[in-house]
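Input: a single structure, listed below in C-alpha cells.
The values are calculated or read from the model by the stated rules, or taken from the named source; none is laboratory data. Note that this is a predicted model, so its numbers are computed, not measured. Note: ideal-geometry Cβ built from the backbone for every residue, glycine included; neighbour counts use all protein chains shown. Note: accessible area is taken over every heavy atom of the protein model, side chains too, but ligands, DNA and RNA are not part of it. Shrake-Rupley method; radii C 1.70, N 1.55, O 1.52, S 1.80 Å.
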Amino acid sequence: MTTRTETRIRTRTEKLLLEAARRFNATLEYEELIEQVLNLVTSAVDAEAALVFRVDHSRPDMKIRFMSCPECSVKVFFQEFGSGVVAAVAEYKEPVIVNEAEEVSDAEKEIGRKAGVEIRSLLSVPLIGKGQMIGVIEAFNKKDGPFTETDLDILVGLANQIAVAIDNAHLYRAVRREALEKNLLYEVGMKLSGTLEMDELLKEIMNTLKKVIDYSAGGIFLIDPEKDEIGSVYIVGYGDRLQSEPNLKLGQGLIGNVGRTGEPVVVPDVTKDPRYFEAHPGTKSEVVVPIKLDDKTIGVLNLESDFIGAYDNHAVALLSAFAAQAAISIERTRLHQKIVQGRKIDEQLNITREIQRSFLPDSNPQIHRYDIAGTNIPSEQVGGDYYDFIPIVEGQTGIVVGDVSGKGIPAALIMASFRSSLLAEIRNNYSISTICRKVNSLVYESVRAGNFVSAVYGVLDSKNHIFTFCNCGHNLPVHIKHNGDVDYLKEGGQVMGVSPDVQYEQRPAFINAGDIIVLYTDGVTEVFDDTGREFGMDRLIKVVKENKNRPAFEILDKIVKIVREFASKEHLFDDLTAIVLKRTA
C-alpha cells in the first residue's frame, strides 16, 4: 500500500471518528442512537446492511436491530442465542470477516431471511465497554468487492465509541424508565383512591400498565373462593373468545396456577410450557402475578406478548407493585358495591370489621435483640385505628400506628386508602419524610374536607439500633430510656389529608439496651374516670416504668388492664391500639 493510500485511509478514518462523535453526542435516546450507529456502520465500510445486538443477560435470546439500505429502515426481531458468527463474536470477543457466500452460517442466513436480505459476506466486530462484552455490530454485503482488513480496522476503530454511546444511552433509558414507573405508580395510586367503580378502576390499571410494559393482550382476574374458580373481570385484546369460555378452575392454566400458588410466573416461550392455555392466538410469552390482600391471593394480573422473552424479573417487580395498589382498591370497591346493593347495616359493619382485622398483623415479628408486641382492641363501632409491622430489607422493619378522624365505614375506607398508599410508597422510596409527603398527597386526594389521618411511621434498624421516625400529627410516642429519662417522638409535621403539599421532617432515635418505645392511639390516653380526670401520658409512662422488666406483651397487657380499671363505667371506649418496642440486649 502506498504512502498516499495510507494517508487517505487514515484521513477517512479520522473523519469517521469525528462524525461518530458528533452523531453520538447529539442524542441519548436509545432507538435514535441505534439508528445512527447502523447508518454509520453501513456508510463506513460501504455495506448494504448492518445489525447491532446488545447483550442482555436477562433474555434467553438476542434482540437484533437490523438496517438495510437504500431504505435504511430499522427492523427489530429475535434470534436464538448460541449459534452463528454473531454469537461466536459475542462469546470470544474477536472480530470475524466472511467473504464467501458458502461460508455464511445458517444463523446469519436466518437473520437475513427475517430481514429480507440475502447475506453473501459479512464483517462482525465485538463491542467492549468498560472491559465487558456489551454487544456485536455486523456489516453485510460490501458493495464493491470483499470486506478488507482496512474495513475491519475502521469498524474496530468505531466500535469503542459505539460501545460507550450504547452504554450511556442504555443507562439513560433505564434511569428515565425507572422515573416514569415511579411517577406512574404515584399517579395510578391517586386515581385509584378516587374511584369506587370496578370497571373504571380496572381500566385505569390496564391503561397505565400499557405505558411502561407493552402487551398485546392482558387482563385482571379475580378469584371466587366459593366456586374454586378464577374468572375474567376486565380483559384487553382477547376478543370474544375468553368471554364465552367457562371460568378457569384454580390450578388450571398459567392464570389458575398463579391463583392457586400465589407465586408469580414468567414464561419466555409459551409453546414450551404445558400449563399455557391459548386465549390469544399471537401470544409468544406471558407473565402472571398474584393480586394479594395481605397474604391472601384474591386475583391475578396477566399480560401476554407477541414476542418471545418479552418479560423479565423487572416486569414482575413492576407488575407486583401495581397489583399491590390494585388489591386494596379492588377490595374497597367490592365493599362499596356490597353497600350499594343494600346489605343490612350490621352486615356492612361485619364485612368492614373483617377487612380491618385483615389489615392487622397476625403475629408479632421476631427481631434479634428486640422484643416487640402490638395490640388493637376495637370498640363497638367500626373505627379507624391501624398498626402494622412491615419487613423492608434484612435488619430493617417498618413500624406504623395510625388513626383516622371519625368512625364507621367512612373512617374504615379512609384507613384502607392510607394503608394502601403507605405500602405502595414504602416499596418505591427509602426516605421516610418523602414517603409521608407522598402519602399525605394521596390521602388529601381521597378524603373529604374535615377528615384526616394522624400517624407515626418509622423504620427500626435493628443492626445499628436506630429508630428513624416521622410523626404526622399523632399522639407523641414515648421513649423511656434505661436510666429512667423520657423522650417524646414529636418531629414530623401536621396530620395527613388537610393540605396537599406538606413537607415532613424525620429524626433518628438511638435505642440503648433496656430502652422502651411505646406508640399508641388516643384510645389509650384519652380515657376519663368518674371525676373527669384523663388517664394521660404520665400514667402511661408510670405503667411502663413499673413493668419495664416484663416482656413486651405483658407490658401491653398491663397498659390495657390499668386503662380499663381507670375508666368510668359510663366511658365510651375508643379503639385501643398500642405497640411496645423493647431492646433486650
| request: Name, by its number, the condition in (1) under 15 Å from SER446 (Cβ atoms); (2) surrounded by fewer than 24 Cβ atoms within 10 Å (Cβ to Cβ); (3) more than 18 Å from the chain's Cα centre (by Cα) that does not hold for ILE399. | output: (1)
| task | Kindly indicate whether LEU460 is open to solvent by less than 10 Å² (accessible area, probe 1.4 Å) and among the aliphatic types (A, V, I, L, M). | result | yes
| request: Could you please tell me which pairs satisfy a Cβ distance under 6 Å, a separation of 6+ or placement on different chains, a first residue in the range 309-326 that is under 19 Å from LEU422 (Cβ atoms), and a second residue that is assigned to a helix (DSSP H, G or I) and basic (Lys, Arg)? | output: ALA321/ARG427
| task | Might you let me know whether the range 504-519 holds any residue that is touching a helix residue (DSSP H, G or I) at 6+ places or on another chain (Cβ under 8 Å) and in a strand (DSSP E or B)? | result | yes
| task | Just need a number here: residues in the range 130-150 that are open to solvent by less than 20 Å² (accessible area, probe 1.4 Å) and not in a strand (DSSP E or B). | result | 1
| Output for the range 529-585, where each listed residue is in a helix (DSSP H, G or I) and among the charged types (D, E, K, R) | ASP538, ARG539, LYS542, LYS545, GLU546, GLU554, ASP557, LYS558, LYS561, ARG564, GLU565
| message | Anything in the range 464-475 that is over 14 Å from ILE516 (Cα atoms) and either open to solvent by 30 Å² or more (accessible area, probe 1.4 Å) or in a strand (DSSP E or B) (or both)? List them, or say none. | response | ASN464, THR468, PHE469, CYS470, ASN471, CYS472, GLY473, ASN475
| remark: Note on the range 417-453: residues in a helix (DSSP H, G or I), of a type in the set (Phe, Trp, Tyr) and either without any contact (Cβ under 8 Å) to a residue 60 or more places away in the chain or open to solvent by 10 Å² or more (accessible area, probe 1.4 Å) (or both) are TYR444
| field | Qualifying positions in the range 114-130 - touching a helix residue (DSSP H, G or I) at 6+ places or on another chain (Cβ under 6 Å) and among the polar types (S, T, N, Q) | value | SER124
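Just to be sure, is ILE119 of a type in the set (Val, Ile, Thr) and either within 16 Å of PHE78 (Cβ to Cβ) or out of contact with any Phe, Trp or Tyr (no Cβ under 8 Å at 6 or more places or on another chain) (or both)?
no
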| field | Selection within the range 494-532 - under 17 Å from SER405 (Cα atoms), buried (at least 19 other Cβ atoms within 10 Å of the Cβ) and of a type outside the set (Val, Ile, Thr) | value | MET496, GLY497, TYR520, GLY523
| said: Just to be sure I understand, how many residues within the range 73-95 are open to solvent by less than 50 Å² (accessible area, probe 1.4 Å) and part of a strand (DSSP E or B)? | reply: 3
| Can you name the residue in the range 202-230 that is surrounded by 17 or more Cβ atoms within 10 Å (Cβ to Cβ) and more than 19 Å from the chain's Cα centre (by Cα) and, of all such residues, is farthest from PRO290 (Cα to Cα)? | SER216
| task | Would you please name the residue that is farthest from GLY398 (Cα to Cα), looking only at residues in the range 558-585 that are among the acidic types (Asp, Glu) and crowded, with 16+ Cβ neighbours inside 10 Å? | result | ASP574
| said: Among the numbered criteria (1) modelled with pLDDT under 95; (2) acidic (Asp, Glu); (3) under 41 Å from the mean Cα position of the chain (by Cα), which one does ASP530 miss? | reply: (3)
| task | Go through (1) over 14 Å from PRO508 (Cβ atoms); (2) open to solvent by 10 Å² or more (accessible area, probe 1.4 Å) one by one and return the number of the condition ASP487 breaks. | result | (1)
| task | Answer yes or no: is there a residue in the range 543-554 that is open to solvent by less than 20 Å² (accessible area, probe 1.4 Å) and polar (S, T, N, Q). | result | yes
| Conditions (1) more than 27 Å from the chain's Cα centre (by Cα); (2) open to solvent by less than 20 Å² (accessible area, probe 1.4 Å); (3) of a type in the set (Asp, Glu); number of the one not met by ASP388 | (1)
